[in-house]
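The values are calculated or read from the model by the stated rules, or taken from the named source; none is laboratory data. Computed from a prediction, not measured in an experiment: that's the story for all the values here. A quick note on method: Cβ atoms are made from the backbone with ideal geometry, for glycine too, and the neighbour counts reach across all protein chains shown.
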Amino acid sequence: MPKRIRNRVLFLLTEKERKEKRRIRRAELVAALKVSPNTITSWMQDDVTKIEDKVLIGWCEYFGCKLEDLIYISDEDEGSSTTPTP
């Protein structure tokens, strides 16, 4: 069965918003990670085709998490709605 690298950005973002009791805007993410709005959108939609180390490091620093909290390998047929939780 084919494998795919998936991410938990939307889950981590939702958790951060809940904890901080505020809405986090895309512009804030663009500024914090120093990437394009399209990059942020791709990560939020779990539709990343190229993973750059600076982006991985940026997300981990932004969320204060480890790499394994951010990305994981799943079977292709799992679908995006089955993101595992910690």
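Quick notes
- Of residues in region 1-33 being of a type outside the set (Lys, Arg) and outside any helix (DSSP H, G or I), the one farthest from PHE63 (Cα to Cα): MET1
- Within region 6-28, if we keep just the residues that are within 11 Å of the chain's Cα centre (by Cα) and in contact (Cβ under 8 Å) with a residue 12 or more places away in the chain, the residue that is farthest from GLU76 (Cα to Cα) turns out to be LEU13.
- Pick from region 32-51, criterion surrounded by fewer than 15 Cβ atoms within 10 Å (Cβ to Cβ) and charged (D, E, K, R), ranking: nearest to GLU76 (Cα to Cα): ASP47
- The residue that is surrounded by the most Cβ atoms within 10 Å (Cβ to Cβ), among those in region 1-26 that are under 22 Å from GLU68 (Cα atoms) and among the hydrophobic types (A, V, I, L, M, F, W, C), is VAL9.
- Filter result for the condition that a residue is surrounded by 11 or more Cβ atoms within 10 Å (Cβ to Cβ), closer than 17 Å to ARG4 by Cβ and aliphatic (A, V, I, L, M), over LEU67, LEU29: LEU67
- Scanning region 34-75 for residues that are touching a residue at least 60 places away in the same chain (Cβ under 8 Å) and outside any strand (DSSP E or B) yields ASP69, LEU70.
- Every residue from region 32-43 that is over 14 Å from ILE5 (Cα atoms) and of a type outside the set (Gly, Ala, Ser): LEU33, LYS34, VAL35, PRO37, ASN38, THR39, ILE40, THR41
- Screening the candidates SER81, SER74 for the property of being modelled with pLDDT under 90 and of a type in the set (S, T, N, Q) yields one hit, SER81.
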